[in-house]
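Taking it in order: structure first as structure tokens, then the write-up.
The values are calculated or read from the model by the stated rules, or taken from the named source; none is laboratory data. In this text, all values refer to a predicted model and were calculated from it rather than measured experimentally. Reconstructed Cβ throughout: ideal geometry from the backbone, glycine too, with neighbour counts over all protein chains shown. Accessible surface is based on the protein model in full, side chains and every heavy atom, while ligands, DNA and RNA are left aside. Shrake-Rupley method; radii C 1.70, N 1.55, O 1.52, S 1.80 Å.
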Amino acid sequence: MSLSTHTVTDYVEDVSPGSGALPPRPWYASSDATRLSLNGAWRFRLSPTADAEDDSFAEEGYDAGGWAEVQVPGHWVLQGHGSPIYTNHLYPFPVDPPRVPTENPTGDHLRVFDLPQDWPDLAEGGAVLRFDGVESCARVWLNGTDLGEFKGSRLPHEFAVGHLLRSAGNVLAVRVHQWSAGSYLEDQDQWWLPGIFRDVTLLHRPAGSALDFFVHASYDHRAGTGTLRVDSDVAGRVTVSELGIDLATGESATVPVEPWSAETPRLYTGELATAGERVPLRIGFRTVALSDGLIRVNGRPVLFKGVNRHEWHAEKGRALDLATMREDVLLMKRHNVNAVRTSHYPPHPAFLDLCDEYGLWVIDECDLETHGFTEQGWRDNPVDDDRWTPALLDRAARMVERDKNHPSVVLWSLGNEAGTGRGLTAMAQWIKSRDASRLVHYEGDPTCRDTDVYARMYADHAEVERIGQGLDGGTHKRRRLPFIQCEYAHAMGNGPGGLADYQRLFESYDRLQGGFVWEWIDHGIAHPELGHAYGGDFGEELHDGNFVCDGLLFPDRQPSPGLVEFKKVIEPVGIAGDAGDGTVRITNKQDFADLSALAFSWSYEVEGEPVRCGTLSVPELAPGESAEVKLPAPPDGAPAGEAHWTVRAVLAADTPWAPRDHVVAWGQVPVAQRQTPTVAATARPVSGDGVISLGPGTFDARTGALKAVGGVPVCGLRLDVWRATTDNDDGAPWQPDLRYGLLWRKLGLHRMRHRLDAVERGADALTVRTRVAAAAWEMGLSTVYRWTSDGDRLRLKVSVTPEGDWTVPLPRLGVRFGLSAADRVQWYGGGPGEAYPDSRTASRVGRWQSTVDDLQTPYVRPQENGARADVRWAELGGLRIEGAPEFFLTARRWTTEQLDAATHRTDLVPGDTVWVNLDHAQHGLGSQSCGPGPLPPYHLRAEPAAFSFVFSTAPAPQTS
Ligand code: GAL
């Protein structure tokens with residue numbers, strides 16, 4: 001390799017943040033300075049190494065006519081050039097910092113542009129070229145002049161270019177390297193996606209225009225006043241007409257204001273006017289403080305009901321448009337989420353504007369993770385190596401300077417999973433010296449040396465409770481800090497379970513200030529054959545499979561049942577009661593707002609059908625207050641049967657994030673208990689031509705197997721204990737709890753055999769005795785099916801007695817059978833969505849309808865899903881099934897075995913039979929894919945059990 005070629009790419013492996021860029025400053029859209037978006041189609045050439053091509057493409061007149069095209073913002077690997085790679089924490093290259101592989105995909109990007117007609121005279125003022133995000137290292141030329149190079153993928157970089165611009169034919173050349181020294185600082189658990197993935201903009205900078213400015217807007221909750229001061233590198237005036245404020249930069253004014261909070265995101269419109277420019281300001285007055293060991297905003301402790309948000313779009317990767325960002329914010333607000341941790345890098349800055357506007361607390365996290373060094377005991381970790389400290393400080397500064405004017409940002413986070421070291425301390429010290437108005441977060445150091453909050457990830461319930469009680473020990477400093485779970489409730493696949501149990505703890509102990517579910521959205525990549533692709537689907541030599549699909553939203557942003565559960569668990573209003581005294585207890589669980597934005601209603605329901613409804617008058621209740629509110633008398637003439645009050649809190653008026661009548665919270669109060677079905681055993685089993693008949697039931701005389709109920713053929717009815725293991729059943733190797741998914745398989749619960757011991761035709765019952773057990777093991781389930789009938793209906797009682805030494809819980813316990821045709825399903829019980837024992841808060845008792853197809857939950861990696869809980873009765877395929885007690889209902893067009901074998905949804909091919917599971921019980925979900933398993937009360941222990949179902953033929957289903 002020649003020396004000259006080598007020098008051209010030296011910067012790639014240089015630990016420095018780069019050279020040539022301007023100091024960082026806030027991101028905003030100037031009111032009057034002209035701008036030109038350089039987003040759109042760019043010419044593109046991909047090279048296999050950093051030095052394969054020289055830099056002649058940056059010269060004027062270069063003919064790139066033969067090059068491909070890519071869209072900017074975008075990632076070239078999602079546009080047909082190369083492939084994405086997914087690893088959780090392993091570096092997909094040898095760890096030899098700061099060296100990177102010779103095979104270093106390098107994308108040359110070229111764009112020729114003219115200045116628009118209205119671009120001011122080039123002699124007046126300057127211009128900057130801004131890159132909002134490029135992964136992972138870029139070198140930039142304009143009109144043949146080398147402007148410099150930079151690293152820090154999710155951070156802004158600006159270059160002064162005024163002196164180089166011409167009115168037409170400007171040649172902007174950007175060389176982007178996938179791997180660089182910066183990659184060692186960007187080992188976040190996500191796809192590696194090179195490219196210019198955020199906006200590129202040319203900004204006119206008139207003479208005397210603003211440089212850096214810092215809006216300080218605090219709130220004194222005792223006085224009810226806000227104090228505003230705007231510091232600016234270029235002096236000017238600050239006006240907020242609504243508040244009568246007109247002052248010089250650097251001066252302050254104190255006036256009565258309404259404070260900003262995530263619940264009441266009051267923003268004041270203002271302006272910073274310098275000689276050359278008017279800068280719009282959106283000012284939220286609020287004060288963040290650590291006092292008495294609690295995070296307080298405007299004097300009050302806050303409870304974070306948060307999510308970790310990676311930027312994700314199934315087609316565009318991390319190149320998000322504004323509509324998608326807004327969709328995220330709206331979905332969060334509509335699901336009662338009040339906080340976001342921007343895991344694990346500063347988001348596109350427009351997202352923070354939305355957080356200010358709609359109201360979300362933000363932990364803004366720096367673009368820093370060095371997790372892969374854990375594999376070598378954190379040796380050579382860049383955050384503990386002074387050579388890297390300038391790069392770390394550069395990253396901290398680019399985050400803070402860009403985002404410091406957002407009221408929504410209440411904590412700065414140093415980064416994620418980067419071990420410990422001097423570099424982190426340097427970052428924290430710099431941040432605190434620059435911005436004393438916010439707190440500092442970092443999870444990776446249990447001593448909390450640099451932080452204002454004790455943060456953990458995936459601590460189990462018992463530990464969280466100990467922390468809440470202050471019994472967890474730790475350094476002297478840590479013991480005085482508030483606690484948050486910066487990640488918990490790993491939402492991979494079906495789950496998380498245990499959310500309600502965490503929330504109870506968060507609401508019980510002051511020190512626990514809530515948490516952030518991991519994570520917001522599945523990072524599945526839209527794929528023509530696979531539906532959504534995950535790690536390994538692009539032939540990566542190293543990958544972490546579907547660990548990248550662990551969100552509350554599916555990749556297409558449809559809410560998963562986990563999000564619906566989370567919404568219910570974190571409701572801002574508690575609604576609970578017992579019918580005995582005819583009252584319902586309403587609790588305002590918000591931190592700032594009273595209940596005046598909500599309207600309350602009741603509905604009286606019998607057997608799930610509303611009989612009457614009305615409005616409920618609820619006092620406005622200050623935060624934290626409760627009231628017992630009297631319900632009306634049950635309506636006269638209501639039909640007999642199981643009855644409930646359903647009380648709802650809805651938006652009283654349209655809000656920016658949801659329309660009037662959007663349901664914010666609800667609760668059900670049982671009134672009259674259900675009568676479980678009884679069937680008098682009056683019919684006799686009758687033998688005939690190879691069959692036994694009992695009431696509407698027809699059985700195989702030799703095996704006792706049910707063949708039909710009335711005219712409805714039924715096949716394969718038998719005990720079932722297997723479920724297609726969930727990601728949480730399979731668990732992660734580093735979790736301490738037993739990984740039952742693996743044990744179940746080892747013990748053969750997926751290959752149970754059914755030994756027929758007896759078919760007994762009695763006077764009033766047909767009894768079939770079996771033993772259900774797996775090859776190689778002594779444990780078994782002695783199972784007795786006892787069939788009786790009153791002539792019209794057929795009752796099955798299943799009695800299960802475990803035999804042998806059962807050391808594991810069961811995945812499920814119930815029966816399954818096949819129907820030859822079924823489409824529409826209706827039921828009375830929990831709904832509308834799926835529910836499992838430790839994720840059933842959002843399941844509301846009612847009458848529901850669906851189709852077999854719509855009962856499926858589209859987890860990216862197929863697994864157990866779709867169970868409806870607390871079902872009293874269900875009708876499908878011409879059968880009516882009543883349960884005593886209530887049961888879980890599942891129906892699908894493939895078997896559990898097919899579901900279990902599928903790796904992608906496109907593997908699931910509907911067969912001729914609809915397979916129905918009626919489960920007496922299910923094992924809990926937990927979140928062991930990266931956290932604790934289900935809590936013991938949700939374990940389905942192998943114990944003697946009995947349950948029954950009553951079968952009859954159903955009226956023909958109505959077509960919708
Ligand atoms: C955490 C990490 C996240 C993610 C999660 C598991 O350790 O901070 O980035 O990897 O585990 O999905």
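Within region 507-545, take every residue that is assigned to a strand (DSSP E or B), of a type in the set (A, V, I, L, M, F, W, C) and more than 16 Å from the ligand (Cβ to nearest atom) and give me the one that is farthest from Asp854 (Cα to Cα). Applying the filter and picking the extreme gives Leu512.
Within the group Tyr442, Tyr454, which residue is within 15 Å of the ligand (Cβ to nearest atom) and crowded, with 23+ Cβ neighbours inside 10 Å?
On the way: Tyr454 fails: within 15 Å of the ligand (Cβ to nearest atom).
Matching residue, one of Tyr442, Tyr454: Tyr442.
Scanning region 326-342 for residues that are within 12 Å of the chain's Cα centre (by Cα) and open to solvent by 20 Å² or more (accessible area, probe 1.4 Å) turns up Leu331, His335. Of all the criteria given as (1) closer than 17 Å to Asn494 by Cβ; (2) part of a loop (DSSP other than H, G, I, E, B); (3) more than 26 Å from the chain's Cα centre (by Cα); (4) not hydroxyl-bearing (Ser, Thr, Tyr), the one not satisfied by Val909 is (1). Only one of the listed residues (Arg504, Arg466, Arg480) is open to solvent by 20 Å² or more (accessible area, probe 1.4 Å), away from the ligand (no atom under 16 Å from the Cβ) and in contact with a Gly (Cβ under 7 Å, 6 or more places away or on another chain). That residue is Arg480. Residues that are in contact (Cβ under 8 Å) with a residue 12 or more places away in the chain and either within 24 Å of Gly926 (Cβ to Cβ) or under 31 Å from the mean Cα position of the chain (by Cα) (or both) do occur in region 780-789, at least one of them. Listed by position, the strands (runs of 3 or more DSSP E) contained in region 657-721 that have at least 2 residues being within 44 Å of the chain's Cα centre (by Cα), charged (D, E, K, R) and at pLDDT 95 or above are 712-720. Among the residues of region 52-71, the ones that are among the small types (Gly, Ala, Ser) and more than 29 Å from Lys316 (Cβ to Cβ) come to 2 in all.
Applying the set (1) away from the ligand (no atom under 16 Å from the Cβ); (2) assigned to a strand (DSSP E or B) to Cys486 leaves exactly one unmet item: (1).
Just checking: which of the strands (runs of 3 or more DSSP E) contained wholly in region 72-160 hold 3 or more residues that are under 26 Å from the mean Cα position of the chain (by Cα) and outside the structural domain of His371 (by TED's automatic domain parsing)? Steps first, answer last, please.
On the way: elements: 85-87, 103-113, 126-131, 137-142, 145-151, 157-160.
Result: 85-87.
Here region 807-865 is the region considered, the condition is being open to solvent by 30 Å² or more (accessible area, probe 1.4 Å) and of a type in the set (Ser, Thr, Tyr), and the residue that is farthest from the chain's Cα centre (by Cα) is Ser820.
Go through the residues of region 354-372 one by one and say whether even a single one is in a helix (DSSP H, G or I), within 16 Å of the ligand (Cβ to nearest atom) and either surrounded by fewer than 24 Cβ atoms within 10 Å (Cβ to Cβ) or free of Cβ contacts under 8 Å to residues at least 24 places away in the same chain (or both).
Filtering region 354-372 for residues in a helix (DSSP H, G or I) gives 354-358, 371-372.
Still in the running and within 16 Å of the ligand (Cβ to nearest atom): 371-372.
Okay, now just the ones that are also either surrounded by fewer than 24 Cβ atoms within 10 Å (Cβ to Cβ) or free of Cβ contacts under 8 Å to residues at least 24 places away in the same chain (or both), so 371-372.
Looking for residues that are in a helix (DSSP H, G or I), within 16 Å of the ligand (Cβ to nearest atom) and either surrounded by fewer than 24 Cβ atoms within 10 Å (Cβ to Cβ) or free of Cβ contacts under 8 Å to residues at least 24 places away in the same chain (or both), one finds at least one in region 354-372, hence yes.
Just the residues that are part of a loop (DSSP other than H, G, I, E, B), among the polar types (S, T, N, Q) and away from the ligand (no atom under 16 Å from the Cβ), please, taken from region 912-933. Spell out how you get there, then give the answer.
To start, the set of residues in region 912-933 that are part of a loop (DSSP other than H, G, I, E, B) comprises 912-913, 923-933.
Within this subset, residues satisfying the condition of being among the polar types (S, T, N, Q) are 913, 927-929.
Passing the criteria: only Thr913.
Filtered by the rule that a residue be away from the ligand (no atom under 16 Å from the Cβ) and β-branched (Val, Ile, Thr), region 325-353 gives Val329, Val337. Close contacts from region 628-640, counting a first residue that is in contact (Cβ under 8 Å) with a residue 24 or more places away in the chain and a second that is polar (S, T, N, Q), with Cβ to Cβ under 7 Å and a gap of 6+ residues or different chains, come to Glu628/Thr583; Val629/Thr583; Lys630/Thr583; Leu631/Thr583.
Here is a yes/no grid of residues against (1) open to solvent by less than 40 Å² (accessible area, probe 1.4 Å); (2) touching a Leu at 6+ places or on another chain (Cβ under 9 Å); (3) within 16 Å of the ligand (Cβ to nearest atom):
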| residue | (1), (2), (3) |
| --- | --- |
| Tyr268 | yes, yes, no |
| Pro280 | no, yes, no |
| Gly284 | yes, yes, no |
| Ile295 | yes, yes, no |
| Phe304 | yes, no, no |
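Yes/no matrix, rows are residues, columns are (1) in contact with a helix residue (DSSP H, G or I) (Cβ under 6 Å, 6 or more places away or on another chain); (2) more than 16 Å from the ligand (Cβ to nearest atom):
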position	(1), (2)
Gly82	no, yes
Pro92	no, no
Pro98	yes, yes
Asn104	no, yes
His109	no, yes
Phe113	no, yes
Pro116	no, yes
Gly126	yes, yes
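Considering region 805-897, the qualifying strands (runs of 3 or more DSSP E), each wholly inside and each with 2 or more residues that are out of contact with any Leu (no Cβ under 9 Å at 6 or more places or on another chain), run over 824-831, 844-851, 868-876, 879-892. Among all positions in region 202-213, there is no residue which is farther than 25 Å from Pro23 by Cβ and either in contact with a strand residue (DSSP E or B) (Cβ under 9 Å, 6 or more places away or on another chain) or not assigned by TED's automatic domain parsing to the domain that holds Val362 (or both).
Checking each residue in region 291-301 for being touching a strand residue (DSSP E or B) at 6+ places or on another chain (Cβ under 6 Å) and on the phi < 0 side of the Ramachandran plot picks out Leu294, Ile295, Arg296, Val297, Pro301.
When every residue of region 192-214 is checked against the conditions, none turns out to be assigned to a helix (DSSP H, G or I) and over 23 Å from Ala391 (Cα atoms). Selection of region 753-767 for residues being crowded, with 19+ Cβ neighbours inside 10 Å and either touching a Leu at 6+ places or on another chain (Cβ under 7 Å) or under 15 Å from Asp720 (Cβ atoms) (or both) yields only Leu766. Looking only at region 373-403, residues that are under 28 Å from His313 (Cβ atoms) and out of contact with any Pro (no Cβ under 9 Å at 6 or more places or on another chain) come to 1 in all. Restricting Val548, Val564, Val584 to those that are more than 16 Å from the ligand (Cβ to nearest atom), touching a residue at least 60 places away in the same chain (Cβ under 8 Å) and open to solvent by less than 10 Å² (accessible area, probe 1.4 Å) reduces the list to Val584.
Can you tell me which of Ala418, Ala428, Ala397 is farther than 20 Å from Tyr28 by Cα and either in contact with a helix residue (DSSP H, G or I) (Cβ under 8 Å, 6 or more places away or on another chain) or not in a helix (DSSP H, G or I) (or both)? So that I can check it myself, show each step before the final result.
Values: Ala428 fails: either in contact with a helix residue (DSSP H, G or I) (Cβ under 8 Å, 6 or more places away or on another chain) or not in a helix (DSSP H, G or I) (or both); Ala397 fails: farther than 20 Å from Tyr28 by Cα.
Just a single option satisfies the conditions, and that option is Ala418.
Of the residues making up region 373-394, those that are at negative phi and either β-branched (Val, Ile, Thr) or not in a helix (DSSP H, G or I) (or both) are Thr374, Arg379, Asn381, Val383, Asp385, Thr389.
Take Asp231 and tell me if it is touching a His at 6+ places or on another chain (Cβ under 9 Å), away from the ligand (no atom under 16 Å from the Cβ), open to solvent by 10 Å² or more (accessible area, probe 1.4 Å) and acidic (Asp, Glu). Before you say what the answer is, go through the steps one by one.
On the way: touching a His at 6+ places or on another chain (Cβ under 9 Å): yes; away from the ligand (no atom under 16 Å from the Cβ): yes; open to solvent by 10 Å² or more (accessible area, probe 1.4 Å): yes; acidic (Asp, Glu): yes.
So Asp231 passes the test.
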